[in-house]
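Have a look at the structure below, then the notes.
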Amino acid sequence: MKKAYIVGTGHSVPEKILTNKDLESMVDTSDEWIITRTGIKERHVSTPGEASSDFALEACRSAMEAAGWAPGDVDCVLVGTITPDYPCPATACILASRLGLENVPAYDFAAGCSGFLYGLIQAKAFIESGFFERILVVGVEMLTKITNWTDRNTCVLFGDGAGAAAVSSTGPGGELGGWHWGADGSLGDLLLMRAGGSRMPASEESVRQNLHTIYMEGREVFRYAVRAMRDSCLKALEKDGTPKSEVDLLISHQANTRIIDATARALELRPEQVFVNIHKYGNTSAASIPIALDEAVREGLVVPPKNIVLAAFGAGLTWAGILIKWRE
Ligand code: ACO
(Lines give C-alpha, C1' and ligand atoms only; values in the text may rest on other atoms or scores of the structure.)
Protein backbone atom coordinates (compact mmCIF):
# COMPACT_ATOMS: atom_id res chain seq x y z
CA MET A 1 0.00 0.00 0.00
CA LYS A 2 1.14 3.54 -0.74
CA LYS A 3 2.26 5.71 2.17
CA ALA A 4 2.27 9.48 2.72
CA TYR A 5 5.30 11.35 4.07
CA ILE A 6 5.95 14.91 5.24
CA VAL A 7 9.04 15.85 3.23
CA GLY A 8 9.23 19.60 3.92
CA THR A 9 7.87 22.16 6.37
CA GLY A 10 7.74 25.95 6.57
CA HIS A 11 6.17 28.78 8.51
CA SER A 12 5.77 32.54 8.45
CA VAL A 13 4.44 35.06 10.98
CA PRO A 14 3.85 38.83 10.87
CA GLU A 15 6.70 41.04 12.05
CA LYS A 16 4.65 43.08 14.50
CA ILE A 17 4.65 41.80 18.10
CA LEU A 18 2.01 42.56 20.74
CA THR A 19 3.19 41.86 24.29
CA ASN A 20 1.17 41.17 27.42
CA LYS A 21 2.34 44.58 28.66
CA ASP A 22 0.79 46.16 25.55
CA LEU A 23 -2.50 44.41 26.35
CA GLU A 24 -2.45 45.77 29.91
CA SER A 25 -3.09 49.20 28.42
CA MET A 26 -5.97 47.92 26.26
CA VAL A 27 -8.11 45.82 28.67
CA ASP A 28 -8.29 45.04 32.38
CA THR A 29 -5.66 42.29 32.49
CA SER A 30 -2.10 41.66 33.62
CA ASP A 31 1.04 40.04 32.29
CA GLU A 32 0.99 37.80 35.37
CA TRP A 33 -2.62 36.58 34.74
CA ILE A 34 -1.97 35.84 31.08
CA ILE A 35 1.27 33.93 31.72
CA THR A 36 -0.12 31.96 34.66
CA ARG A 37 -3.45 31.04 33.04
CA THR A 38 -2.23 30.47 29.45
CA GLY A 39 1.59 30.50 29.12
CA ILE A 40 1.45 33.30 26.53
CA LYS A 41 3.98 36.16 26.73
CA GLU A 42 3.57 37.76 23.31
CA ARG A 43 1.99 37.14 19.92
CA HIS A 44 2.62 38.22 16.32
CA VAL A 45 -0.17 40.35 14.85
CA SER A 46 -0.84 41.29 11.25
CA THR A 47 -1.18 44.90 10.17
CA PRO A 48 -4.23 46.28 8.30
CA GLY A 49 -3.05 45.46 4.76
CA GLU A 50 -1.85 41.92 5.59
CA ALA A 51 -3.97 38.80 4.94
CA SER A 52 -3.78 35.03 5.31
CA SER A 53 -2.44 34.24 1.83
CA ASP A 54 0.55 36.59 2.38
CA PHE A 55 1.88 34.38 5.16
CA ALA A 56 0.67 31.09 3.69
CA LEU A 57 2.68 31.96 0.58
CA GLU A 58 5.95 32.30 2.53
CA ALA A 59 5.22 29.16 4.57
CA CYS A 60 4.58 27.16 1.37
CA ARG A 61 7.70 28.51 -0.33
CA SER A 62 9.80 27.33 2.65
CA ALA A 63 8.11 23.92 2.72
CA MET A 64 8.58 23.49 -1.04
CA GLU A 65 12.23 24.53 -0.80
CA ALA A 66 12.81 22.03 2.02
CA ALA A 67 11.13 19.33 -0.10
CA GLY A 68 13.00 20.31 -3.26
CA TRP A 69 9.71 20.88 -5.10
CA ALA A 70 9.15 23.18 -8.06
CA PRO A 71 5.65 24.64 -8.66
CA GLY A 72 4.97 22.01 -11.33
CA ASP A 73 5.41 19.22 -8.75
CA VAL A 74 2.33 20.12 -6.68
CA ASP A 75 -0.92 18.20 -7.38
CA CYS A 76 -3.26 19.81 -4.84
CA VAL A 77 -3.45 22.58 -2.21
CA LEU A 78 -5.42 22.11 1.03
CA VAL A 79 -5.87 25.12 3.33
CA GLY A 80 -7.31 24.90 6.84
CA THR A 81 -8.47 28.35 7.95
CA ILE A 82 -11.35 30.23 9.56
CA THR A 83 -9.84 33.56 8.51
CA PRO A 84 -9.58 33.38 4.70
CA ASP A 85 -8.54 36.44 2.68
CA TYR A 86 -12.18 36.70 1.57
CA PRO A 87 -15.31 34.62 2.28
CA CYS A 88 -15.14 33.86 -1.47
CA PRO A 89 -13.04 32.77 -3.37
CA ALA A 90 -11.05 30.23 -1.36
CA THR A 91 -7.67 31.34 -0.03
CA ALA A 92 -6.26 28.04 -1.38
CA CYS A 93 -7.03 29.21 -4.94
CA ILE A 94 -5.40 32.61 -4.33
CA LEU A 95 -2.41 30.87 -2.77
CA ALA A 96 -2.04 28.36 -5.62
CA SER A 97 -2.03 31.19 -8.14
CA ARG A 98 0.54 33.20 -6.15
CA LEU A 99 2.75 30.08 -5.95
CA GLY A 100 2.63 29.76 -9.73
CA LEU A 101 0.68 26.48 -9.71
CA GLU A 102 -1.40 25.91 -12.80
CA ASN A 103 -4.88 24.37 -12.73
CA VAL A 104 -4.43 22.18 -9.64
CA PRO A 105 -7.38 21.59 -7.29
CA ALA A 106 -7.25 23.92 -4.29
CA TYR A 107 -9.79 24.42 -1.53
CA ASP A 108 -10.29 25.71 2.01
CA PHE A 109 -11.95 23.97 4.91
CA ALA A 110 -12.96 25.34 8.32
CA ALA A 111 -12.02 23.06 11.20
CA GLY A 112 -10.83 25.74 13.65
CA CYS A 113 -7.64 24.87 15.44
CA SER A 114 -7.83 21.29 14.12
CA GLY A 115 -7.49 22.61 10.55
CA PHE A 116 -3.92 21.53 9.87
CA LEU A 117 -4.48 17.99 11.17
CA TYR A 118 -7.72 17.71 9.18
CA GLY A 119 -5.57 18.68 6.17
CA LEU A 120 -2.89 16.07 6.92
CA ILE A 121 -5.51 13.34 7.28
CA GLN A 122 -7.10 14.33 3.93
CA ALA A 123 -3.64 14.35 2.31
CA LYS A 124 -2.92 10.89 3.72
CA ALA A 125 -6.18 9.56 2.25
CA PHE A 126 -5.56 11.18 -1.14
CA ILE A 127 -2.00 9.85 -1.38
CA GLU A 128 -2.61 6.36 -0.05
CA SER A 129 -5.51 5.93 -2.48
CA GLY A 130 -3.33 7.00 -5.39
CA PHE A 131 -5.38 10.14 -6.10
CA PHE A 132 -2.42 12.53 -5.80
CA GLU A 133 1.37 12.24 -5.36
CA ARG A 134 2.33 15.62 -3.85
CA ILE A 135 0.10 17.86 -1.75
CA LEU A 136 0.65 21.15 0.06
CA VAL A 137 -1.15 21.20 3.42
CA VAL A 138 -1.49 24.63 5.02
CA GLY A 139 -2.79 25.93 8.34
CA VAL A 140 -3.13 29.71 8.32
CA GLU A 141 -4.94 32.13 10.55
CA MET A 142 -5.23 35.87 11.07
CA LEU A 143 -7.29 35.50 14.25
CA THR A 144 -6.50 39.04 15.37
CA LYS A 145 -8.68 40.25 12.47
CA ILE A 146 -11.72 38.64 14.11
CA THR A 147 -10.78 39.45 17.71
CA ASN A 148 -12.91 41.62 19.97
CA TRP A 149 -10.26 43.91 21.45
CA THR A 150 -12.60 44.94 24.28
CA ASP A 151 -13.12 41.34 25.50
CA ARG A 152 -10.33 40.34 27.89
CA ASN A 153 -11.57 36.74 27.90
CA THR A 154 -10.43 36.26 24.31
CA CYS A 155 -8.23 39.13 23.10
CA VAL A 156 -5.23 38.06 25.19
CA LEU A 157 -5.19 34.60 23.60
CA PHE A 158 -4.86 34.96 19.85
CA GLY A 159 -2.04 35.52 17.37
CA ASP A 160 -1.47 35.35 13.61
CA GLY A 161 0.66 33.09 11.42
CA ALA A 162 0.91 30.34 8.83
CA GLY A 163 2.53 26.92 8.58
CA ALA A 164 2.76 24.42 5.76
CA ALA A 165 3.83 20.86 5.02
CA ALA A 166 4.78 19.26 1.72
CA VAL A 167 3.27 15.76 1.76
CA SER A 168 4.53 13.21 -0.75
CA SER A 169 4.01 9.60 -1.78
CA THR A 170 7.80 9.24 -1.71
CA GLY A 171 9.93 9.27 1.47
CA PRO A 172 12.04 9.46 3.43
CA GLY A 173 10.39 11.83 5.85
CA GLY A 174 7.64 11.84 8.42
CA GLU A 175 5.30 8.97 7.56
CA LEU A 176 1.67 9.81 8.37
CA GLY A 177 0.65 6.94 10.65
CA GLY A 178 -2.36 6.17 12.84
CA TRP A 179 -4.90 8.93 13.14
CA HIS A 180 -8.15 9.92 14.80
CA TRP A 181 -10.51 12.81 14.03
CA GLY A 182 -14.00 13.90 14.94
CA ALA A 183 -16.46 16.73 15.47
CA ASP A 184 -19.47 17.59 17.63
CA GLY A 185 -21.54 20.41 16.17
CA SER A 186 -23.96 20.36 19.09
CA LEU A 187 -21.20 22.18 21.02
CA GLY A 188 -20.54 24.74 18.28
CA ASP A 189 -22.08 27.59 20.29
CA LEU A 190 -19.20 27.42 22.77
CA LEU A 191 -16.83 28.95 20.23
CA LEU A 192 -18.23 30.88 17.30
CA MET A 193 -18.36 34.04 15.21
CA ARG A 194 -22.04 34.90 15.05
CA ALA A 195 -22.22 37.33 12.12
CA GLY A 196 -20.91 37.49 8.59
CA GLY A 197 -22.43 34.21 7.36
CA SER A 198 -25.83 33.34 5.92
CA ARG A 199 -27.50 33.12 9.34
CA MET A 200 -26.66 36.72 10.19
CA PRO A 201 -25.23 38.60 7.21
CA ALA A 202 -23.08 41.66 7.84
CA SER A 203 -25.06 44.75 8.84
CA GLU A 204 -24.30 48.01 10.59
CA GLU A 205 -25.94 46.53 13.68
CA SER A 206 -23.89 43.32 13.64
CA VAL A 207 -20.68 45.30 13.34
CA ARG A 208 -21.76 47.72 16.09
CA GLN A 209 -22.37 44.75 18.42
CA ASN A 210 -18.98 43.19 17.63
CA LEU A 211 -20.65 40.03 16.28
CA HIS A 212 -17.98 39.59 13.61
CA THR A 213 -15.52 38.60 16.29
CA ILE A 214 -14.86 35.34 18.12
CA TYR A 215 -17.03 34.54 21.10
CA MET A 216 -15.76 31.77 23.36
CA GLU A 217 -16.89 30.15 26.59
CA GLY A 218 -13.31 29.47 27.59
CA ARG A 219 -13.87 27.40 30.70
CA GLU A 220 -16.24 24.97 28.94
CA VAL A 221 -13.99 24.75 25.88
CA PHE A 222 -11.06 24.04 28.19
CA ARG A 223 -12.83 21.01 29.70
CA TYR A 224 -13.64 19.49 26.31
CA ALA A 225 -10.18 20.31 24.95
CA VAL A 226 -8.38 18.36 27.67
CA ARG A 227 -10.52 15.27 27.09
CA ALA A 228 -10.59 15.43 23.29
CA MET A 229 -6.84 15.98 22.90
CA ARG A 230 -6.05 13.08 25.24
CA ASP A 231 -8.50 10.74 23.47
CA SER A 232 -7.27 11.80 20.00
CA CYS A 233 -3.65 10.95 20.88
CA LEU A 234 -4.47 7.63 22.45
CA LYS A 235 -6.81 6.55 19.62
CA ALA A 236 -4.28 7.55 16.94
CA LEU A 237 -1.60 5.47 18.68
CA GLU A 238 -3.99 2.54 19.07
CA LYS A 239 -4.89 2.65 15.37
CA ASP A 240 -1.19 2.64 14.52
CA GLY A 241 -0.42 -0.19 16.92
CA THR A 242 2.26 1.92 18.61
CA PRO A 243 2.37 2.01 22.43
CA LYS A 244 2.63 5.40 24.14
CA SER A 245 5.99 4.32 25.58
CA GLU A 246 7.39 4.66 22.02
CA VAL A 247 6.37 8.33 21.60
CA ASP A 248 9.40 10.65 21.46
CA LEU A 249 7.76 14.05 21.07
CA LEU A 250 4.35 15.71 21.46
CA ILE A 251 3.54 18.71 19.29
CA SER A 252 0.04 19.74 20.25
CA HIS A 253 -2.13 22.72 19.42
CA GLN A 254 -0.80 25.70 21.37
CA ALA A 255 -3.92 27.08 23.09
CA ASN A 256 -2.95 26.89 26.74
CA THR A 257 0.05 25.36 28.55
CA ARG A 258 -2.32 23.73 31.02
CA ILE A 259 -4.06 21.83 28.17
CA ILE A 260 -0.67 20.86 26.70
CA ASP A 261 0.51 19.61 30.12
CA ALA A 262 -2.64 17.52 30.58
CA THR A 263 -2.14 15.92 27.14
CA ALA A 264 1.51 15.22 27.94
CA ARG A 265 0.50 13.58 31.23
CA ALA A 266 -1.93 11.28 29.39
CA LEU A 267 0.97 10.14 27.21
CA GLU A 268 3.30 9.89 30.26
CA LEU A 269 5.85 12.18 28.61
CA ARG A 270 8.68 14.07 30.29
CA PRO A 271 8.76 17.90 29.87
CA GLU A 272 11.64 17.70 27.36
CA GLN A 273 9.43 15.49 25.14
CA VAL A 274 6.84 18.24 24.74
CA PHE A 275 7.32 21.04 22.22
CA VAL A 276 5.99 24.39 23.44
CA ASN A 277 6.17 27.76 21.68
CA ILE A 278 2.91 29.32 22.90
CA HIS A 279 4.88 31.97 24.82
CA LYS A 280 6.01 33.50 21.49
CA TYR A 281 2.90 33.14 19.32
CA GLY A 282 -0.23 32.71 21.46
CA ASN A 283 -3.03 30.65 19.95
CA THR A 284 -2.69 30.80 16.16
CA SER A 285 -5.49 28.24 15.63
CA ALA A 286 -4.93 26.15 12.47
CA ALA A 287 -1.41 27.55 12.13
CA SER A 288 -0.17 26.56 15.57
CA ILE A 289 0.82 22.93 14.90
CA PRO A 290 2.57 23.52 11.54
CA ILE A 291 4.46 26.51 12.99
CA ALA A 292 5.56 24.36 15.95
CA LEU A 293 6.40 21.40 13.70
CA ASP A 294 8.56 23.56 11.44
CA GLU A 295 10.35 25.08 14.44
CA ALA A 296 10.98 21.62 15.87
CA VAL A 297 12.39 20.45 12.52
CA ARG A 298 14.61 23.53 12.14
CA GLU A 299 15.80 23.30 15.77
CA GLY A 300 17.01 19.73 15.08
CA LEU A 301 14.47 18.03 17.34
CA VAL A 302 13.18 15.78 14.57
CA VAL A 303 16.37 13.82 13.87
CA PRO A 304 15.12 10.34 12.82
CA PRO A 305 14.09 7.90 14.09
CA LYS A 306 11.35 9.79 15.93
CA ASN A 307 7.72 9.08 16.72
CA ILE A 308 5.88 12.39 16.99
CA VAL A 309 2.27 12.78 18.11
CA LEU A 310 0.31 15.79 16.84
CA ALA A 311 -2.96 16.67 18.61
CA ALA A 312 -5.49 19.45 18.11
CA PHE A 313 -8.84 20.76 19.26
CA GLY A 314 -10.90 23.71 18.08
CA ALA A 315 -14.06 25.43 16.89
CA GLY A 316 -16.74 23.10 15.61
CA LEU A 317 -16.06 21.57 18.04
CA THR A 318 -13.44 19.53 16.22
CA TRP A 319 -10.52 17.40 17.30
CA ALA A 320 -7.78 15.30 15.71
CA GLY A 321 -4.60 13.38 16.44
CA ILE A 322 -2.01 11.72 14.22
CA LEU A 323 1.24 9.83 14.72
CA ILE A 324 4.15 10.89 12.49
CA LYS A 325 6.93 8.30 12.15
CA TRP A 326 10.08 10.12 11.06
CA ARG A 327 12.62 7.75 9.51
CA GLU A 328 15.84 8.02 7.44
N1 ACO B 1 -7.16 38.98 32.56
C2 ACO B 1 -7.55 38.92 33.83
N3 ACO B 1 -8.61 38.20 34.26
C4 ACO B 1 -9.29 37.51 33.32
C5 ACO B 1 -8.94 37.52 31.97
C6 ACO B 1 -7.82 38.30 31.59
N7 ACO B 1 -7.40 38.37 30.32
N8 ACO B 1 -9.79 36.74 31.28
C9 ACO B 1 -10.65 36.23 32.18
N10 ACO B 1 -10.36 36.70 33.41
C11 ACO B 1 -11.02 36.42 34.67
C12 ACO B 1 -12.45 35.97 34.47
O13 ACO B 1 -13.32 37.08 34.36
C14 ACO B 1 -12.70 35.18 35.75
O15 ACO B 1 -12.99 36.08 36.79
P16 ACO B 1 -14.15 35.71 37.87
O17 ACO B 1 -13.64 34.46 38.54
O18 ACO B 1 -14.16 36.92 38.73
O19 ACO B 1 -15.38 35.47 37.07
C20 ACO B 1 -11.35 34.56 36.06
O21 ACO B 1 -10.38 35.31 35.31
C22 ACO B 1 -11.25 33.10 35.64
O23 ACO B 1 -11.80 32.97 34.33
P24 ACO B 1 -11.86 31.58 33.59
O25 ACO B 1 -12.54 31.75 32.27
O26 ACO B 1 -12.39 30.55 34.53
O27 ACO B 1 -10.29 31.32 33.38
P28 ACO B 1 -9.60 30.01 32.90
O29 ACO B 1 -8.65 29.57 33.91
O30 ACO B 1 -10.59 29.00 32.37
O31 ACO B 1 -8.75 30.54 31.66
C32 ACO B 1 -8.87 30.49 29.24
C33 ACO B 1 -9.42 31.10 30.54
C34 ACO B 1 -7.41 30.87 29.15
C35 ACO B 1 -9.65 31.07 28.08
C36 ACO B 1 -9.02 28.95 29.30
O37 ACO B 1 -10.33 28.63 29.68
C38 ACO B 1 -8.71 28.28 27.97
O39 ACO B 1 -7.57 28.21 27.55
N40 ACO B 1 -9.73 27.71 27.32
C41 ACO B 1 -9.54 26.90 26.08
C42 ACO B 1 -9.26 27.73 24.88
C43 ACO B 1 -9.15 26.83 23.65
O44 ACO B 1 -8.55 25.78 23.69
N45 ACO B 1 -9.79 27.20 22.57
C46 ACO B 1 -9.86 26.31 21.42
C47 ACO B 1 -9.19 26.80 20.26
S48 ACO B 1 -9.60 28.46 19.73
C49 ACO B 1 -10.22 28.31 18.10
O50 ACO B 1 -10.61 27.27 17.65
C51 ACO B 1 -10.27 29.58 17.30
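Figures for the structure shown
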read-out: Modelled label reach - K2, point 7 Å along Cα→Cβ, the stretch 161-203 residues with backbone N closer than 18 Å; value: 166-178
read-out: For the chain, built as a Gaussian network whose Cα springs stay under 10 Å, the top-fluctuating residue of P201, P243, P71; value: P201
read-out: Spin-label model distance (nm) - D189 vs Q273, 7 Å beyond Cα toward Cβ; value: 4.1
read-out: Fraction of beta bridges assigned by DSSP in the stretch 177-328 that are antiparallel (%, nearest 5); value: 75
read-out: Fraction of beta bridges assigned by DSSP in the chain that are antiparallel (%, nearest 5); value: 75
read-out: The stretch 161-238: trypsin sites (Lys or Arg not before Pro) in DSSP loop, at most 16 other beta carbons within 10 Å; value: R194, R199
read-out: Positive-end residue of A255, I135, S186, charge dipole of the chain with Cβ unit charges; value: S186
read-out: Full-extension gain in nm, E217 to S97, via 0.36 nm per residue minus C-alpha separation; value: 39.4 nm
read-out: Approximate spin-label separation E65-D28, in nm, with each point projected 7 Å along Cα-to-Cβ; value: 4.8
read-out: In sequence order, calculated HN-Hα J values of the stretch 118-126 (Karplus, 6.51, -1.76, 1.60; Hz; x Gly/Pro); value: 4, x, 4, 5, 5, 5, 4, 5, 4
read-out: DSSP loop chymotrypsin sites (Phe, Trp or Tyr not before Pro) with at most 16 other Cβ within 10 Å excluded, longest remaining stretch of the chain; value: 150-328
read-out: Accessible area in square angstrom per residue, the stretch 108-183, 1.4 angstrom probe; value: 28
read-out: Of K244/K280; K280/K325; K244/K306; K21/K280, pairs whose Cα-Cα distance is over 22 Å; value: K244/K280; K280/K325
read-out: Heavy-atom accessible surface of the stretch 268-328: percent carbon and sulfur, 1.4 Å; value: 54
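The values are calculated or read from the model by the stated rules, or taken from the named source; none is laboratory data. Predicted model only: the values in this text are computed from it and were never measured. Every residue, glycine as well, gets a Cβ built from its backbone with ideal geometry; the counts of neighbours run over all protein chains shown. For accessibility, only protein heavy atoms count, side chains too; no ligands or nucleic acids. Shrake-Rupley method; radii C 1.70, N 1.55, O 1.52, S 1.80 Å.
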